[in-house]
Structures are given as structure tokens and as C-alpha cells.
Amino acid sequence: MNQLLISVIIPTYHRNDLLAECLDLLAPGVQTFPADRYEVIVTDDGYKTTAEDMIRERYSWVKWVAGPRKGPASNRNNGAKYGQGEWLAFTDDDCLPSPNWLSAYAEAITGESLALEGAIHPLGDYNQDLSECPINLTGGCFWSANIAVKRSLFEEIGGFDTNYPLALGEDIDIKERLSALTKISFVSNACVE
């Protein structure tokens, strides 16, 4: 039996400083979820520089893979294809997961929903442009900065639509396709900032 429950997928693109802050919060012993029940995959679309050396030197428990350099939707799909977990949890390189982020998703996985969304709290001014900082305090958004999907369902629908080359609309599209097949539940205590 596969004990690996969650594969965390983090797309990145030339933001090693922010990625390091995110990875520090996903480290075994920092997350309250058992380290042998999750993996972290960074899929890197960088072309000037990458995070490969930083990950090899500082985060040996993270799997680094080269991205396809075709935009965020393709990059997320690329990371997902390396995931071995029963569930895929997506966050972004500029997000700071709470210590119970994975535990909260693991508790919600026992429910009927095959797709979950967590809370996104902005750091700083709540009135800033939402394209710079998506906010999700009550659910119904399904922003890709904090979602989890059963891997078999993600594969069934073909993942994120790669016809969205920019970070604009790909999460709305996948939400619509998933909503046709499963209820999407909001997990308020699966929080990222």
C-alpha cells in the first residue's frame, strides 16, 4: 500500500528567495503532517537561473524538475506528472504555508470531495490589487496558490488547460471542469499567506 498521501507541487520562475521561504515552511518537522506521508516537487521554468543548486544544497528532501517553459499551467502539470501521492496539493513559490497546512488537507481528504481549496491570507494591505495577491477567506475561488485535487481526477480531466500561457484564467477553468465531477470543499484551516 502506498503510504504517500500528498504530493506538493510548487511551480517557480526566477524567485529563489521567495521559494526558499516557502520550502522552509514545508520542511519535515515544520509541517505537523508526518514527513513520510508527503513529498515536495519544485517544477522550475527558469531559464536565466534555476533553483536546482539551491535545492540540492539546502533542501535535499525536495525533488527539483526542469519545467517546460510554456507558462504556469504547463509548469503545474509538469510537476504533477512526477507526483507519487494519492493527492496533489498546489501552492506557489511566493506562498507561506501554515504549519498545519498539510494536516488540514489530510483531515479533509476523508470527506466526499475530490477537490479542495484552502484559505489565502494576504500579507500587508488587504486592499491591494487581487491580481498581485489573490485573497480567499471564505471559499468559492479555487485559486491555484492553495488547492488540492485527487491525482486520479486531475489526470482524468487532463490537469490545467495549457491553452492558458499566462497566470490568468487557468484556475477558473480547472475549477469549472472539476465542479462538473465533484463538490469542491473549502478547508479554512489549510491556510497560506
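The values are calculated or read from the model by the stated rules, or taken from the named source; none is laboratory data. Only a predicted model underlies this, so the values are computations on that prediction, with no experimental measurement involved. Here the Cβ is made from the backbone with ideal geometry for all residues, glycine too, and neighbour counts use every protein chain on show. Note: accessible area is taken over every heavy atom of the protein model, side chains too, but ligands, DNA and RNA are not part of it. Shrake-Rupley method; radii C 1.70, N 1.55, O 1.52, S 1.80 Å.
Here are the numbers:
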read-out	value
Accessible-area value, Arg58, 1.4 Å probe, nucleic acids and ligands omitted, Å²	140
Accessible carbon and sulfur surface of the chain relative to its total accessible area, %, 1.4 Å	51
1.4 Å probe accessible area per residue over the chain, in Å²	47
Solvent exposure ordering (accessible area, 1.4 Å, most first) of Val30, Val192	Val30, Val192
Three-way shape call for the stretch 148-193 based on the alpha-carbon gyration tensor, with the a/c threshold at 1.5	oblate
Rounded accessible area of Ser152 (nearest 10 Å², 1.4 Å probe)	70
Karplus (6.51, -1.76, 1.60) ³J(HN,Hα), θ = phi - 60°, over the stretch 104-120, in Hz, Gly and Pro reported as x	5, 5, 4, 5, 6, 4, 6, x, 7, 6, 9, 9, 10, 10, x, 6, 10
Residue-averaged [θ]222 nm for the chain, counting only DSSP H segments that reach four residues, each worth -39500 (n - 2.57)	-8000 deg cm²/dmol
Label-reachable residues, the stretch 70-96, where backbone N falls under 16 Å from a point 7 Å from Asn163's Cα toward its Cβ	73-74
In Å², nearest 10: area of Leu18 left accessible to a 1.4 Å probe	60
